[in-house]
Amino acid sequence: MDLRTPLDDADGLLLYALPTSEHEAEQLCEKAKNAESTNREDVLIAIPDSIGFLQEAVFEVTKLRWIQQNTPELQNDSAARRELSVRLLEAETDITRQLKAIFDEDNDNTCRWYHKGQEKPVISDGSRNAWLSEICDDVFCETPIVRNELINRRKISGTVTAARRELIQAMLEKGDQENLGIIGYPPGMSIYRSLLWNTGIHRKESGIWGFHRPETTDETDTLAVKRMVPVWKAIERFFDRCETTRQPIEELYERLTTRPFGMRREPLPILLCAAMLHYSTEVALYESGSFVPDLSMPVFERLLKAPQQFELKRFQMTRIRANV
């Protein structure tokens, strides 16, 4: 595998090597120490000294699957099909058992672990998992804390999609009201609390509710505010780039989903909406190259479905513009 290849829809790579000989294991260890590996903080490599009988187990599964796919006589022999299914299940279970024996540090098996070109001691599954957590903390050092299992996912359900839509509509239409005018505790309320209320993005200032930079108050979660500040600053830097030329919203999403932020895409439209409402007199939205005069829910619905068609342009009110 080429370690220079960016990861697709993953936060990191746990690479399990399977050397067929001691010589090949040593070659893989040398490769794990080279510059290509040193530059990848998001990659962890495991190289065992021996893979035991794994190769034979894989070969057995390969044979059985070939028979299953290339023997038309099985269609008329239910007993043979059942026998084949049982043997295939046993062979696949044997592969799982062999892999666990190879890489499970609690099984007295020798396996060398490498990170950024350095060999690291791993004495148990617990120490490995703790190490993985430390690596993630280093790689994604500015990831905000979103205590919400509904929205903080790679893919959200239809119910949560509807709740996000209703929340954004409330942001656009009732941003000057406490809790955005949400009554009771629907799914949208928990998303609002975790993303906007706990972080101080939606709060009352001078007696008026509105959207602002994350800030600690008596009611906010201090840690949630602290971890949201870098994300808000990244959005503001993106707005600054929009000063000279229009910038695609997809670029902002790409920035916030990669290191050091590592956010999921699903909460991003909510944060973008909050920032656009905060800078409503300075930021203009364009759809397919055309200026959008009104930030309405139908517009945002299209943005949710096809963000690649939208761009932002900033017209900051400073110097000559402010005078005018």
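Is the shape of the stretch 222-268 best called rounded, prolate or oblate, per the rule: a/c under 1.5 gives rounded, else a/b larger than b/c gives prolate, else oblate, with a ≥ b ≥ c the square roots of the Cα gyration tensor eigenvalues?
Note, shape of the stretch 222-268 comes out oblate.
For a quick protection proxy, order the peptides 178-184, 219-225, 288-294, 196-202 by their average other-Cβ count within 10 Å, most packed first.
The most tightly packed comes first, giving 196-202, 219-225, 178-184, 288-294.
Evaluate E = 1/(1 + (r/R0)^6) for residue 299 and residue 244, where r is the Cβ-Cβ distance and R0 equals 22 Å; express this FRET efficiency to the nearest 0.05.
Values: r = 24 Å, r/R0 = 1.09.
For R0 = 22 Å, the calculated efficiency reads 0.35.
Per the Kirkwood treatment, what hydrodynamic radius in Å, one decimal, follows for the stretch 141-276 from the mean inverse distance over all distinct Cα pairs?
Result for the stretch 141-276, one decimal place: 15.2 Å.
Carbon and sulfur: what percent of the stretch 253-318's accessible surface (1.4 Å probe)?
50 percent
Can you give me the Cα centroid spacing of the stretch 1-76 and the stretch 231-247 in angstrom?
42 Å
Please work out the C-alpha center-to-center distance from the stretch 178-215 to the stretch 280-294 and express it in whole Å.
The stretch 178-215 and the stretch 280-294 have Cα centres spaced 25 Å from each other.
Enumerate by residue number the chymotrypsin sites (Phe, Trp or Tyr not before Pro) in the stretch 1-81 meeting two conditions: DSSP loop (anything except H, G, I, E, B), and at most 15 other Cβ atoms within 10 Å of the site's Cβ.
Numbers: sites: 16, 53, 59, 66; in loops: 53.
Loop-located and lightly packed - 53.
What is the calculated FRET efficiency for residue 41 to residue 81, with r their C-beta to C-beta distance and R₀ = 41 Å, to the nearest 0.05? Don't skip to the answer; put the middle values down first.
On the way: r = 49 Å, r/R0 = 1.19.
The calculated FRET efficiency here is 0.25.
Could you give the length gained on full extension between residue 222 and residue 70, defined as 0.36 nm per residue of separation minus the Cα-Cα distance, in nm?
Result for the pair: 48.5 nm of gain on full extension.
Starting from the Cα-Cα distance between residue 147 and residue 165, subtract it from 0.36 nm times their residue separation and give me the gain in nm to one decimal.
Details: separation 18, 0.36 × 18 = 6.48 nm, distance 1.92 nm.
That works out to 4.6 nm of additional length.
Report D for the chain in µm² per second (integer): Stokes-Einstein, Kirkwood Rh on Cα pairs, 10 °C, 1.306 mPa s.
67 µm²/s
Can you work out the base-10 log of I(q)/I(0) for the stretch 1-114 at q = 0.10, 0.12, 0.15, 0.17 1/Å, using the Debye formula on its C-alpha atoms alone?
-0.44, -0.60, -0.80, -0.90
When ligands, DNA and RNA are left out and all protein chains stay put, how many square angstrom of accessible area per residue does the chain have with a 1.4 Å probe?
About 57 Å² of surface per residue is accessible.
Where the accessible area of the stretch 185-251 is counted over protein heavy atoms with a 1.4 Å probe, how much of it, in %, is carbon and sulfur?
50 percent
Please figure out what share of the DSSP beta bridges in the chain is antiparallel and state it in percent, rounded to the nearest 5.
Counting DSSP beta bridges with both partners in the chain, the antiparallel share is about 85 percent.
Need one number: nm distance between label points at residue 215 and residue 306, each 7 Å from Cα along Cα→Cβ, rounded to one decimal.
Here the modelled spin labels are 3.9 nm apart.
Suppose R0 equals 25 Å; then what is the FRET efficiency for residue 237 and residue 257 from their Cβ-Cβ distance, rounded to the nearest 0.05?
It comes to 0.95.
Explain nothing, just compute: Karplus ³J(HN,Hα) = 6.51 cos²θ - 1.76 cosθ + 1.60, θ = phi - 60°, for every residue of the stretch 73-84 in order, whole Hz, x for Gly and Pro.
Along the stretch 73-84, the couplings run 4, 5, 4, 9, 10, 5, 5, 5, 5, 5, 4, 5 Hz.
Of all the accessible heavy-atom surface of the stretch 51-142, with the other protein chains kept in place and a 1.4 Å probe, what percent is carbon and sulfur? Spell out each step's value before the answer.
Working: 3150 of 6160 Å².
Heavy-atom surface of the stretch 51-142 belonging to carbon and sulfur, 1.4 Å probe: 51 percent.
Just grab the label-to-label distance for residue 131 and residue 7, each label 7 Å out from Cα along the Cβ direction, in nm (one decimal).
My value for the distance between the label points is 1.6 nm.
The values are calculated or read from the model by the stated rules, or taken from the named source; none is laboratory data. Everything quoted here is computed from the prediction, not taken from an experiment. Glycine also receives a Cβ, built like all others from the backbone with ideal geometry; neighbour counts cover every protein chain displayed. Ligands, DNA and RNA are stripped out before the accessible areas are found, and what is left, the full protein with its side chains, is counted by its heavy atoms. Shrake-Rupley method; radii C 1.70, N 1.55, O 1.52, S 1.80 Å.
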